[in-house]
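None of the figures in this text is laboratory data; all of them are computed from the coordinates on show. Here the structure is a predicted model, which is why all the values come from computation and not from measurement. No Cβ is skipped: glycine too gets one built from the backbone with ideal geometry, and neighbour counts run over all protein chains shown.
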């Protein structure tokens, strides 16, 4: 098959005898349904709604195409959980107004331009087959999960664009670029950032930000896979805690907003190049062990100079003697190797 156009007056990708597809824009029914070899086009003549539930080529609940273009469409995709679209090449969805609660699977090498509306509740599987390379062509805003890479052979290039999702799971190579990667809360009650042991993180100059947690009971987990990241920012104004679950991770800088907390599983070790505290006398940051069963964790510092922590409530921290000074901070117990002194500065440098 070559190129097919979604027709006016229809409602579904596969409507059987009614016929949703034409060989020309706004043209007559061609009696065919796209498959993984077809380039499909949604344009200003296409119907404003397309139901993705009906399978087109024996692929279960997923409809498939080689590539898709939606420039000038402005319509909506409808899907249920488990249903959705599988694209084997370039996916330009910049003309999509909304996408239902199903899934989008990018199974072939290509450029991905997502819809422009924020908060689309669709799960995206980028580079969903071995060896696939996905390159972003615009910012991504997602209220659901983003899975990057079928395995370690897959590559995801952020390409300088911003990535926002509730959960991010990385199994392949993630070239994070220069943008902001934001793990943001939704009403579904959990945030996770997870990197497989065999994955690769090329952090570039990116920032990984955890934001918008709705309260202290929300589950917020970081599993970095023992990788190196550039800037990591914990921005939880409501007293929520980001829990770091594994050792061996390195952050060039860890920034913690006033009122936010960072928790550590017992025995976890983290290495920092610097720590930026946005705490103040009225609202400190918190560094602590896991509240349910706390035990000591370690924050190492790169370089040989002393590190400073300001306006913090600190407990269960194990540090090398003389490596840390906590200024204008509270000693909440079970700390070793850290000295609490008067004074303040909002930056900790480990040069």
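First check a/c for the range 238-351, with a ≥ b ≥ c the square roots of the eigenvalues of its C-alpha gyration tensor; if it is under 1.5, answer rounded, and if not, answer prolate when a/b is larger than b/c or oblate otherwise.
rounded
How much length would be gained if the chain were fully extended between residue 313 and residue 47, taking 0.36 nm per residue of separation minus their Cα-Cα distance, in nm to one decimal?
On the way: separation 266, 0.36 × 266 = 95.76 nm, distance 5.76 nm.
The residue 313-residue 47 span can extend by a further 90.0 nm.
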Can you classify the range 271-338 as rounded, prolate or oblate using the Cα gyration tensor, where a ≥ b ≥ c are the square roots of its eigenvalues, rounded means a/c under 1.5, and otherwise it's prolate if a/b beats b/c and oblate if not? oblate
Roughly how many Å is it from the Cα centre of the range 34-48 to that of the range 244-296, as a whole number? 49
In the range 1-107, what percentage of the DSSP-assigned beta bridges are antiparallel, given to the nearest 5? 10
Normalising by the residue count of the chain, find the relative contact order in percent from Cα pairs under 8 Å and 6+ residues apart. 7
Rounded to the nearest 5, the percent of DSSP beta bridges in the chain running antiparallel is 5
Ranked from fewest to most other Cβ atoms within 10 Å of their own Cβ, 286, 197, 298 fall in the order 197, 298, 286
By the gyration tensor of its Cα atoms, with a ≥ b ≥ c the square roots of the eigenvalues, what is the shape of the range 1-107: rounded for a/c under 1.5, prolate for a/b over b/c, or oblate? rounded
How would you order 107-115, 19-27 from highest to lowest mean count of nearby Cβ atoms within 10 Å? 107-115, 19-27
Per residue, how big is the convex hull around the C-alpha atoms of the chain? Give it to me in cubic angstrom, could you? 123
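For the range 1-107, calculate the relative contact order in percent as a whole number, restricting contacts to Cα pairs under 8 Å that are 6 or more residues apart.
22
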Residues 317, 104, sorted so that the one with the fewest Cβ neighbours within 10 Å comes first: 317, 104
Between residue 306 and residue 280, what is the spin-label point distance in nm, taking each point 7 Å from the Cα along the Cα→C-beta axis? 2.7
